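Trainee: One structure follows; several queries about it will come next.
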């Protein structure tokens with residue numbers, strides 16, 4: 001009875017706290033400007049199925065893709081076992097589905113055990129890649145401090161979680177063999193789970209009955225405590241991608257990558273300028289509410305999709321490793337653009353909850369987090385966008401911030417300002433006269 | 001070479017009461033850059049050879065606004081776009097071919113929302129369809145026999161618009177050896193000119209992007225680096241010069257290769 005109460009409290013607190021943190025992140029994301037991504041539902045589902053569920057883009061780099069798939073498959077399939085653990089925990093029973101499911105039960109748990117072993121191997125491989133092999137994209141300067149620790153913590157948590165699973169199943173196997181397990185005794189002498197029928201006796205075979213019981217209970221409770229801890233760690237970690245990858249790919253930009261948005265506020269002004277009959281004084285007043293900036297200075301000037309992107313980022317660094325500017329030693333790192341956006345958004349969200357909606361902390365994403373030098377290094381080549389395994393678009397953030405620099409602050413690099421003047425005066429980015437445009441025809 | 005190029009303007013066509021099948025949008029580089037002008041001429045030679053009824057805007061053409069847009073100057077971009085759309089619509093243009101992937105991308109993807117709806121193709125797509133339809137025969141294929149060619153994917157043709165095959169199919173008709181760089185197609189590395197970088201010095205770093213990309217190309221030991229963008233052409237040419245390889249390696253547009261092979 002005590003166990004049922006403890007479990008129920010754990011479940012309520014675990015899920016309640018998670019829901020609260022998800023609500024906080026959702027509210028932060030909705031601080032972004034609106035953008036319509038409700039069209040073309042079938043194409044969106046297809047993208048989500050291929051890219052998030054099917055991990056299509058991961059397989060551009062096969063080694064990490066296979067390792068990641070081991071973890072991913074183990075994580076997804078293990079959720080099935082959780083159903084029984086919840087049911088057992090709330091009813092005080094043990095392995096309550098085994099009797100009714102029979103062979104299928106043995107198959108499922110065996111499957112989960114094999115995936116867990118694969119995940120165990122993958123976890124060590126990932127730790128080695130991060131800490132021993134020092135893969136360049138994991139050791140860049142934005143990957144120090146918390147991001148580095150975060151990456152390692154989750155891997156260690158996975159190792160501990162898998163250890164608990166085998167403590168739980170292994171000790172239970174030995175207990176079952178001795179007729180001591182709390183599971184219904186079907187008289188078959190073994191659970192026959194693929195891994196624990198060997199690992200259990202090998203590790204725990206020599207233990208006393210009471211030690212076995214203790215190991216099994218530590219395994220069971222340890223496992224469920226880890227599950228709830230993991231759940232509540234997610235919203236504070238890059239590992240939130242395991243959930244956000246789905247909405248983020250669903251709301252992907254389905255247009256050609258070369259198509260940049262046309263700023264609507266600008267369109268209205270340009271139309272007014274070009275219309276000979278327009279009376280500038282008759283122009284309707286801008287819509288009620290805040291005046292929208294040209295481009296983005298802070299996170300609230302970005303769209304909610306940009307903000308969703310930032311929370312979805314798992315800091316894998318494929319974007320940065322494929323970025324021509326980064327490869328040639330420039331300051332720009334698309335991953336840092338995403339991390340900065342998320343960190344600033346967290347800060348803005350905190351400020352709003354603490355001081356109310358109109359609080360201004362005097363800081364902004366541009367300058368306090370991202371410098372103009374980073375933004376001007378971008379070649380807009382779309383390599384980062386192409387590379388992202390969960391369809392994040394750092395380029396649209398870079399473009400919006402360039403727009404702010406140029407249109408609100410007139411802070412384009414001087415050569416670009418010259419280029420603008422040339423286009424305005426000659427209709428070409430260089431100082432050639434428009435009247436000479438056809439001269440090539442008669443030249444040799 | 002001495003043969004006169006036929007380059008009618010839209011104004012001339014209209015005055016003669018004729019309607020061209022396609023507008024050839026030359027672009028700023030193709031109009032003013034000495035190297036790019038040769039690419040423009042190669043395209044025209046192919047169009048002339050195949051009797052494609054085309055016209056150019058000539059002095060009525062103006063920058064699409066691409067470099068302004070990538071640099072964040074949305075005002076200037078939209079001004080350019082709307083002026084160009086007025087001109088294009090006045091001539092009732094339906095189909096555009098362009099020799100520059102930046103013009104191609106902007107006209108094709110960004111003009112429609114501003115009211116400019118045209119069927120826009122890149123010159124590699126047009127030339128490939130001319131070959132497919134049998135209108136253009138690349139008989140002098142021997143010119144490139146035994147030569148090794150590598151194709152550099154322009155970002156605004158490849159990743160930005162998913163055009164990877166047309167230029168490669170064109171190269172295949174040359175009977176040369178096609179060698180891919182380790183980074184090609186979706187993984188192709190930028191030449192360093194995009195995003196208005198062409199018009200400014202690079203930010204502080206330890207290398208120029210075009211040098212990094214030229215190294216990719218040199219690895220396959222090509223005789224010719226082919227590309228489909230006047231800006232990529234400039235960047236790769238400079239890169240090859242940097243390694244003092246201009247005597248051994250040529251940087252050519254696919255249109256020039258086809259024009260040469262077709263003996264134009």
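Every number in this text was worked out from the coordinates using simple rules, so none of it is lab data. This one's a predicted model, so the numbers in the text were calculated from it and none came from an experiment. Glycine gets a Cβ as well: all are built from the backbone with ideal geometry, and neighbour counts include every protein chain shown.
Trainee: To the nearest Å, what is the center-to-center distance of the stretch A:358-418 and the stretch A:204-228, using C-alpha atoms only?
Mentor: 53
Trainee: Let me understand the stretch A:394-444 better: what is its radius of gyration from the alpha carbons, and its Dmax, in angstrom?
Mentor: Spelled out, the Cα radius of gyration and Dmax of the stretch A:394-444 are 15.3, 45 Å.
Trainee: Let me check against my output: what whole-number percent is the relative contact order of the stretch A:285-444, with C-alpha pairs under 8 Å and at least 6 apart?
Mentor: Worked out over the stretch A:285-444, it gives 29 percent.
Trainee: Give the shape of chain B as rounded, prolate or oblate, defined through the alpha-carbon gyration tensor: a ≥ b ≥ c are the square roots of its eigenvalues, a/c under 1.5 means rounded, and otherwise the shape is prolate if a/b is larger than b/c and oblate if not.
Mentor: Oblate shape, in that a/c is at least 1.5 and b/c is the bigger or equal ratio.
Trainee: Any chance you could list P(r) for the stretch A:118-273, counting all Cα-Cα pairs in 5 angstrom bins from zero, rounded to whole %?
Mentor: Bin by bin from 0 Å, the calculated values are 2, 8, 11, 12, 12, 10, 10, 9, 7, 5, 4, 3, 2, 2, 1, 1, 1, 0.
Trainee: Hey, what did chain A get for relative contact order, percent, Cα under 8 Å, at least 6 apart?
Mentor: 19
Trainee: Same structure, new question: Order A:377-386, B:164-173 from most to least packed using the mean count of other Cβ atoms within 10 Å.
Mentor: A:377-386, B:164-173
Trainee: Cut-off is 10 Å between beta-carbons; in what order do B:223, B:132, A:172 appear when sorted fewest neighbours first?
Mentor: B:132, B:223, A:172
Trainee: On to the next question. Tell me, Kirkwood radius of the stretch A:328-444 from alpha-carbon pair distances, in Å?
Mentor: 17.2
Trainee: Would you mind giving the mean number of other chain beta-carbons within 10 Å of the Cβ of each residue in A:407-419, as a whole number?
Mentor: 4
Trainee: Further question on the same structure: Between the helical axis of A:334-355 and the dominant principal axis of chain A, each derived from Cα atoms, what acute angle in degrees is found, rounded to the nearest 10?
Mentor: On a 0 to 90 degree scale, this one is about 80.
Trainee: A follow-up question, please. Between 0 and 90 degrees, rounded to the nearest ten: what's the tilt of helix A:62-91 against the longest Cα principal axis of chain A?
Mentor: Long axis of A:62-91 versus the principal axis of chain A: about 50 degrees.
Trainee: From the square roots a ≥ b ≥ c of the eigenvalues of the alpha-carbon gyration tensor of the stretch B:10-127, which class results: rounded (a/c under 1.5), prolate (a/b over b/c), or oblate?
Mentor: oblate
Trainee: Please report how far the C-alpha centroid of the stretch A:230-269 lies from that of the stretch B:51-107, rounded to the nearest whole angstrom.
Mentor: So the separation of the two Cα centres works out to 30 Å.
Trainee: Oh, and also: Got a sec? How would B:79, A:401 order by Cβ neighbour count within 10 Å, fewest to most?
Mentor: Lowest count first: B:79, A:401.
Trainee: Additional query: So how tilted is helix A:241-250 from the main axis of chain A? Cα-based, degrees 0 to 90, rounded to 10.
Mentor: With both axes taken from Cα atoms, the answer is about 50 degrees.
Trainee: In addition: Find the Rg to Rh ratio for chain A, where Rh is the Kirkwood radius over alpha-carbon pairs and Rg uses the same atoms.
Mentor: My calculation puts Rg/Rh at 1.10.
Trainee: Take A:433, A:410 and order them by how many other Cβ atoms sit within 10 Å, fewest up front.
Mentor: A:410, A:433
Trainee: Report the relative contact order of the stretch B:135-261, percent, no decimals, based on alpha-carbon pairs under 8 angstrom and at least 6 residues apart.
Mentor: 33
Trainee: Okay, next question. Quick one, can you get me the convex hull of the C-alpha atoms of the stretch B:135-261 expressed as volume per residue in Å³? Walk me through the intermediate numbers first.
Mentor: Values: hull volume 13.6 nm³, N = 127.
Enclosed volume per residue, from the Cα hull, is 107 Å³.
Trainee: Run lengths n ≥ 4 of DSSP H only: what is the helix-derived mean residue ellipticity at 222 nm for chain A, with -39500 (n - 2.57) per run over all residues, to the nearest 500? It would help to have the intermediate numbers written out before the result.
Mentor: Working: 18 runs with 258 residues, N = 444.
Computed mean residue ellipticity for chain A: -19000 deg cm²/dmol.
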